[in-house]
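J.: Starting off with a structure, shown below.
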């Protein structure tokens with residue numbers, strides 16, 4: 001996988017990073033990874049809180065035919081990701097159930113559409129007669145060949161997502177947790193839901209380019225889900241989600257540089273480990289504090 | 001209640017709320033909708049839920065520690081949230097994730113959320129619904145205490161009137177498509193009135209300490225649909241007055 005011969009880490013982090021960053025493609029990979037990790041960590045917290053993981057998954061699936069179609073018509077895959085994801089977000093927004101959160105019966109309809117979109121993507125790839133590794137990269141991600149232009153587009157998209165989220169974060173949280181009261185306080189919950197789906201589409205399009213279509217959850221859901229296990233403070237949880245996403249991306253890219261295995265695997269595995277550790281942390285803390293006992297005491301009082 | 005909040009237009013008549021048309025003064029109304037509880041997956045502290053009642057509708061980010069004025073405002077907001085939580089007796093558990101709390105604890109914190117902006121009017125839609133009996137009694141007593149201590153009028157919708165009867169100043173029965181009976185509990189809660197309103201035998205007993213107790217028929221009526229045709233909605237609305 002590596003073009004640079006057979007590098008091996010010196011275990012002096014400074015030297016190792018200096019070696020990695022002597023390759024422009026690694027510099028771009030770290031830049032793109034950082035942008036995506038920060039954005040995905042922040043929006044991921046809202047995804048988990050709003051219970052819209054499945055919507056995120058659907059949007060990721062859409063990015064696959066998007067990227068394949070873009071390559072087929074001869075433009076950069078970046079445009080395919082963004083156009084298809086944001087377009088799909090707007091389509092989802094017209095479906096009444098997408099705004100209200102997910103329930104069992106409706107997920108079947110979404111799943112049906114997902115499968116169809118995956119099939120379309122596969123057709124586009126077949127029509128392109130491209131190299132087969134292109135398919136792998138689309139599905140499971142690659143850090144090779146991130147162009148400076150792509151980094152610039154990712155930076156712009158991240159900026160838009162983060163600034164918008166900062167502006168609407170509080171009312172969005174209110175409307176997510178407590179729609180009836182939020183409506184009474186004059187919060188336009190439906191507008192915010194549509195806006196959130198569009199932001200999610202943008203973030204998903206970004207994440208798909210690094211983790212691949214099938215592994216977007218590694219950055220979009222896992223870090224935030226792990227952070228929520230550790231703390232119930234919103235600001236702390238968002239910060240922690242960003243830190244986890246950032247750390248797993250950097251470590252994953254670093255490991256993938258030295259080992260002949262794909263970065264998507266390392267990033268996802270690290271994020272998974274974070275989630276498992278976070279769950280364990282919560283379980284241990286829970287038994288120590290014994291919530292059932294303190295609840296009983298509270299009831300008696 | 002949605003009409004009072006201006007969320008639904010009235011099909012007839014005029015409505016005035018706090019001296020204006022509905023929806024104009026919603027920042028002076030605390031609202032507790034009828035709800036299912038937060039499920040155990042909701043990983044947000046109770047404090048944060050209460051805080052949403054104070055500034056959850058504001059746009060932009062609360063930037064911590066930017067200038068002394070902002071810091072002061074932040075401190076005042078935190079203090080107000082703590083006060084509201086103290087008022088409902090929730091300080092013990094307000095820092096735990098809301099999904100881990102019992103229904104009664106969640107309901108108390110939601111009442112704190114409705115109270116945190118010092119509203120003039122508190123609208124409670126079935127606040128005792130889905131609570132167990134001790135919690136029903138406790139929350140009813142809590143609401144009564146709040147409306148005596150704070151300058152706030154409480155309007156409460158309830159299907160089961162027994163837990164709230166000791167505290168209610170005025171009762172409005174909405175049935176048969178309109179306001180069917182209005183007055184003090186002693187005037188409205190009578191065997192004759194309730195039997196007429198519900199279209200099924202209802203008995204009102206007086207306990208030894210003078211409290212009223214509403215008792216329904218031991219068996220449900222055989223013809224449900226028949227009863228519903230005659231009275232599409234039977235709801236008691238208890239209003240506890242404050243200054």
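The values are calculated or read from the model by the stated rules, or taken from the named source; none is laboratory data. Nothing here was measured: the structure is a model prediction, and the numbers come from that model. Backbone-built Cβ (ideal geometry, glycine too); neighbour counts: all protein chains shown.
J.: Restricting to helices (runs of 4 or more DSSP H) lying wholly in region A:177-273: which have 1 or more residues that are free of Cβ contacts under 8 Å to residues at least 24 places away in the same chain, under 20 Å from the mean Cα position of the chain (by Cα) and farther than 28 Å from residue B:57 by Cβ?
T.: So the answer is A:234-258.
J.: Is there a residue in region A:200-212 that is buried (at least 19 other Cβ atoms within 10 Å of the Cβ), within 14 Å of chain B (Cβ to nearest Cβ) and farther than 17 Å from residue A:55 by Cβ? Walk me through how you get there before you give the answer.
T.: Going through region A:200-212, the residues buried (at least 19 other Cβ atoms within 10 Å of the Cβ) turn out to be A:200-212.
When the remaining residues are screened for being within 14 Å of chain B (Cβ to nearest Cβ), the result is none.
The answer is no, given that none of the residues of region A:200-212 is buried (at least 19 other Cβ atoms within 10 Å of the Cβ), within 14 Å of chain B (Cβ to nearest Cβ) and farther than 17 Å from residue A:55 by Cβ.
J.: Suppose we filter region A:231-281 for residues that are surrounded by fewer than 17 Cβ atoms within 10 Å (Cβ to Cβ) and closer than 30 Å to residue B:48 by Cα; how many remain? Walk me through how you get there before you give the answer.
T.: The first filter runs over region A:231-281 and keeps only residues surrounded by fewer than 17 Cβ atoms within 10 Å (Cβ to Cβ), leaving A:235-236, A:239, A:243, A:247, A:251, A:258-261, A:269, A:272-273, A:276-277, A:279-281.
Narrowing the set further to residues that are closer than 30 Å to residue B:48 by Cα leaves A:235-236, A:239, A:243, A:247, A:272-273, A:276-277, A:279-281.
Within region A:231-281, residues that are surrounded by fewer than 17 Cβ atoms within 10 Å (Cβ to Cβ) and closer than 30 Å to residue B:48 by Cα number 12.
J.: What number of residues within region B:111-152 are within 10 Å of chain A (Cβ to nearest Cβ), touching a strand residue (DSSP E or B) at 6+ places or on another chain (Cβ under 8 Å) and farther than 20 Å from residue B:79 by Cα?
T.: Summing the residues that are within 10 Å of chain A (Cβ to nearest Cβ), touching a strand residue (DSSP E or B) at 6+ places or on another chain (Cβ under 8 Å) and farther than 20 Å from residue B:79 by Cα in region B:111-152 gives 2.
J.: Restricting the search to region B:166-197, which residues are free of Cβ contacts under 8 Å to residues at least 60 places away in the same chain, surrounded by 18 or more Cβ atoms within 10 Å (Cβ to Cβ) and under 20 Å from residue B:148 (Cα atoms)?
T.: B:185
J.: Something else: Criterion first (free of Cβ contacts under 8 Å to residues at least 60 places away in the same chain, assigned to a helix (DSSP H, G or I) and either closer than 22 Å to residue A:286 by Cβ or away from chain A (no Cβ under 13 Å) (or both)) does residue B:81 satisfy it?
T.: Numbers: free of Cβ contacts under 8 Å to residues at least 60 places away in the same chain: yes; assigned to a helix (DSSP H, G or I): yes; either closer than 22 Å to residue A:286 by Cβ or away from chain A (no Cβ under 13 Å) (or both): yes.
The answer is yes for residue B:81.
J.: Still on this structure, I have one more. Quick check on region A:150-168. Is at least one of its residues closer than 18 Å to residue B:51 by Cβ and touching a helix residue (DSSP H, G or I) at 6+ places or on another chain (Cβ under 8 Å)? If you could, list the steps in order and put the result at the bottom.
T.: Kept after step one, since they are closer than 18 Å to residue B:51 by Cβ, are these residues of region A:150-168: A:166, A:168.
Pick out the ones that are also touching a helix residue (DSSP H, G or I) at 6+ places or on another chain (Cβ under 8 Å) and you get A:168.
Yes.
J.: Out of everything in region B:26-46 that is surrounded by fewer than 18 Cβ atoms within 10 Å (Cβ to Cβ) and more than 19 Å from residue B:108 (Cβ to Cβ), what residue ends up being farthest from the other protein chains (Cβ to nearest Cβ)?
T.: Checking each candidate, the answer is B:28.
J.: Go through region A:178-190 and give me each residue that's surrounded by fewer than 22 Cβ atoms within 10 Å (Cβ to Cβ) and either more than 7 Å from chain B (Cβ to nearest Cβ) or touching a strand residue (DSSP E or B) at 6+ places or on another chain (Cβ under 6 Å) (or both).
T.: Scanning region A:178-190 gives A:179, A:188, A:189, A:190.
J.: Could you tell me which residue of region B:143-166 is nearest to residue B:126 (Cα to Cα), considering only residues that are within 13 Å of the chain's Cα centre (by Cα) and in a helix (DSSP H, G or I)?
T.: Ranking the candidates gives B:143 first.
J.: Right, next: Check whether at least one residue in region B:62-75 is within 21 Å of the chain's Cα centre (by Cα) and surrounded by 13 or more Cβ atoms within 10 Å (Cβ to Cβ), and report yes or no. So that I can check it myself, show each step before the final result.
T.: Looking only at region B:62-75, we keep the residues that are within 21 Å of the chain's Cα centre (by Cα), and these are none.
No, that holds for no residue.
J.: Right, another one. State whether one or more residues within region A:127-136 are at pLDDT below 85, more than 28 Å from residue A:24 (Cα to Cα) and assigned to a helix (DSSP H, G or I). So that I can check it myself, show each step before the final result.
T.: Taking region A:127-136 first, the residues at pLDDT below 85 are A:127-136.
Those still in the list that are more than 28 Å from residue A:24 (Cα to Cα) too: A:127-129.
From what's left, assigned to a helix (DSSP H, G or I): A:127-128.
There is at least one residue in region A:127-136 that is at pLDDT below 85, more than 28 Å from residue A:24 (Cα to Cα) and assigned to a helix (DSSP H, G or I).
J.: Could you tell me which of the residues B:58, B:43 is within 18 Å of residue A:174 (Cβ to Cβ) and either touching a residue at least 12 places away in the same chain (Cβ under 8 Å) or touching a strand residue (DSSP E or B) at 6+ places or on another chain (Cβ under 8 Å) (or both)? Lay out the reasoning, then the answer.
T.: Numbers: B:58 fails: either touching a residue at least 12 places away in the same chain (Cβ under 8 Å) or touching a strand residue (DSSP E or B) at 6+ places or on another chain (Cβ under 8 Å) (or both).
After applying the criteria, what remains is B:43.
J.: Going residue by residue through region B:55-64, is there one that turns out to be under 23 Å from residue B:131 (Cα atoms) and within 12 Å of chain A (Cβ to nearest Cβ)?
T.: Scanning region B:55-64, I find no residue that is under 23 Å from residue B:131 (Cα atoms) and within 12 Å of chain A (Cβ to nearest Cβ), so the answer is no.
J.: For region B:84-110, enumerate the residues that are more than 12 Å from chain A (Cβ to nearest Cβ) and in a helix (DSSP H, G or I).
T.: Applying the first criterion (more than 12 Å from chain A (Cβ to nearest Cβ)) to region B:84-110 yields B:84-88, B:107.
If the condition is that a residue be more than 12 Å from chain A (Cβ to nearest Cβ) and in a helix (DSSP H, G or I), then B:84, B:85, B:86, B:87, B:107 are the ones that fit.
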